[in-house]
Amino acid sequence: MPIVKISLAIKGLAAGQRLRVRADDPAFKADLEAWIRRLGHRLIQYTDAGVQEALIEKVQAT
Amino acid sequence: MTDHAVPAALSNLQAIDEMIQRRIEERLALLGSTSNGPRRGLALIVFSGELDKLIAAFTLATAAASMGMGVSMFFTFWGLVAIKRGRSAKRKDWIGKILTAMLPSSPARTHTSHMNCLGVGPHLIKYLMKKHQAASLEELIRCARELGVRFVACASSMELMSVQKEDFIEGLEYAGAATFLSAAADSAITLFI
């Protein structure tokens with residue numbers, strides 16, 4: 001579900017804009033990496049200190 | 001000597017230009033076919049009408065749509081319940097009326113495929129999903145629509161199961177096996193759930 005929510009949220013962004021997300025899904029990191037590989041957006045930062053946090057930059061207009 | 005060298009160099013440049021142009025066109029064609037053309041989609045046959053299997057189907061559909069894949073869901077037999085919003089008893093013969101009464105009226109009323117325990121199973125699953133903050137089936141269905149997943153109701157099983165268009169949510173397509181096969185042929189992944 002985090003991936004679904006991210007893809008819904010990123011639709012409203014312009015290329016170059018960034019999205020910061022927090023997730024507690026244990027599959028989040030693996031799913032996020034697969035999603036990034038597939039769609040070509042950039043993962044600027046990923047941290048996991050209790051709660052996982054990622055900063056994503058939208059690359060192309062989708 | 002220079003008289004010959006200049007036209008030769010020019011025609012070389014022209015040849016290179018043409019070659020580059022051709023390469024760009026080939027690349028663009030390739031890009032077009034991989035971004036929204038064939039063999040990128042997910043085609044699902046949703047045959048089952050149980051809560052757990054519908055959750056699995058819609059989890060995959062929403063995830064695939066989020067990955068930029070074109071997703072088609074074909075609802076047939078028991079799976080038609082996923083797109084029902086209620087039940088109407090209009091224009092039905094007595095068998096149809098019995099079937100309508102026996103089938104769940106909406107996705108919220110579905111049973112589980114295992115451990116249904118006279119209807120306790122779905123409550124348990126829903127409780128656990130809420131506890132783990134997982135999206136409910138209704139939420140997954142809403143997300144699927146928002147992400148542009150194509151919903152197709154199998155017209156012949158609608159007749160068989162005595163369901164009518166009025167029983168369903170808005171914005172569906174009504175089609176048959178050929179429509180599914182056409183979508184499946186353009187898809188990289190096809191699943192029967």
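Only the coordinates and a few stated rules stand behind these numbers; no lab work does. Because the structure is a prediction, the values reported are computed rather than measured. We place every Cβ from the backbone using ideal geometry, glycine too, and count neighbours over all the protein chains shown.
When Cβ neighbours within 10 Å are restricted to other protein chains, what is their mean count per residue of peptide B:63-71? Don't skip to the end; give the middle numbers.
On the way: counts 7, 0, 3, 13, 9, 6, 1, 0, 0.
Taking the mean over all residues of the peptide, I get 4.
Can you compute the FRET efficiency between B:ILE189 and B:ALA8 using 1/(1 + (r/R0)^6), with r the Cβ-Cβ distance and R0 = 41 Å? Round to the nearest 0.05.
Values: r = 54 Å, r/R0 = 1.31.
In this case the efficiency is close to 0.15.
Kirkwood Rh, Cα Rg: Rg to Rh for segment A:2-57? Walk me through the numbers before you get to the answer.
On the way: Rg = 10.5 Å, Rh = 11.3 Å.
Taking Rh as the inverse mean 1/r over Cα pairs, Rg/Rh reads 0.92.
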Checklist entry - What FRET efficiency do you get for B:PHE77 and A:ARG22 if R0 is 30 Å and r is their Cβ-Cβ distance, rounded to the nearest 0.05? => result 0.15
Next on the checklist: Quick one: 3J(HN,Hα) in Hz for segment B:170-184, Karplus 6.51/-1.76/1.60 with θ = phi - 60°, rounded, Gly and Pro as x.
Outcome noted: 7, x, 9, 9, 10, 7, x, 4, 4, 5, 4, 4, 5, 5, 5
Checklist outcome for this item: chain A, Gaussian network, Cα under 10 Å: of A:ALA15, A:ALA49, A:ALA27, the residue fluctuating most is A:ALA49
Next on the checklist: Can you give me the distance in nm between label points at B:GLU159 and B:LEU99, each placed 7 Å from the Cα along the Cα-to-Cβ direction?
Outcome noted: 1.1
Next on the checklist: For segment B:51-122, which trypsin sites (Lys or Arg not before Pro) pass both filters: DSSP loop (anything but H, G, I, E, B) and at most 11 other C-beta atoms within 10 Å?
Outcome noted: B:LYS90, B:ARG91
Item to check | Debye log10 I(q)/I(0) at q = 0.08, 0.11, 0.13 Å⁻¹ for chain B, Cα point scatterers | outcome: -0.38, -0.58, -0.74
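Using 1/(1 + (r/R0)^6) with R0 = 51 angstrom and r between the beta carbons of B:LEU181 and B:VAL120, what's the FRET efficiency to the nearest 0.05? Don't skip to the answer; put the middle values down first.
Values: r = 40 Å, r/R0 = 0.78.
That pair, B:LEU181 with B:VAL120, gives E of 0.80.
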Checklist entry - Counting only the backbone N, which residues of segment B:114-135 are under 11 Å from the spot 7 Å out from the Cα of A:LYS5 toward its beta-carbon? => result B:133-135
Checklist outcome for this item: Output for segment B:133-193: GluC sites (Glu not before Pro) sitting in coil per DSSP, at most 16 other Cβ within 10 Å, listed by number, reads B:GLU170
Item to check | Extent along principal axes [Cα atoms of the protein assembly as shown; Å; largest to smallest] | outcome: 98, 51, 27
Item to check | Amide proton proximity set for B:ILE45, modelled H, under 5 Å, gap of 5+ | outcome: B:PHE74, B:LEU191, B:PHE192, B:ILE193
Checklist entry - How many nm separate the modelled label positions at B:GLU26 and B:LYS92, each set 7 Å beyond the Cα in the direction of the Cβ? => result 6.0
Item to check | Within a Gaussian network of chain A (alpha carbon springs, distance under 10 Å), most fluctuating of A:GLY12, A:GLY50, A:GLY40 | outcome: A:GLY50
Checklist outcome for this item: Ranked by GNM mean-square fluctuation in chain B (Cα springs under 10 Å), the top entry among B:ILE55, B:ILE20, B:ILE169 is B:ILE20
Item to check | Beta bridges by DSSP in the protein assembly as shown, antiparallel share as percent, to the nearest 5 | outcome: 45
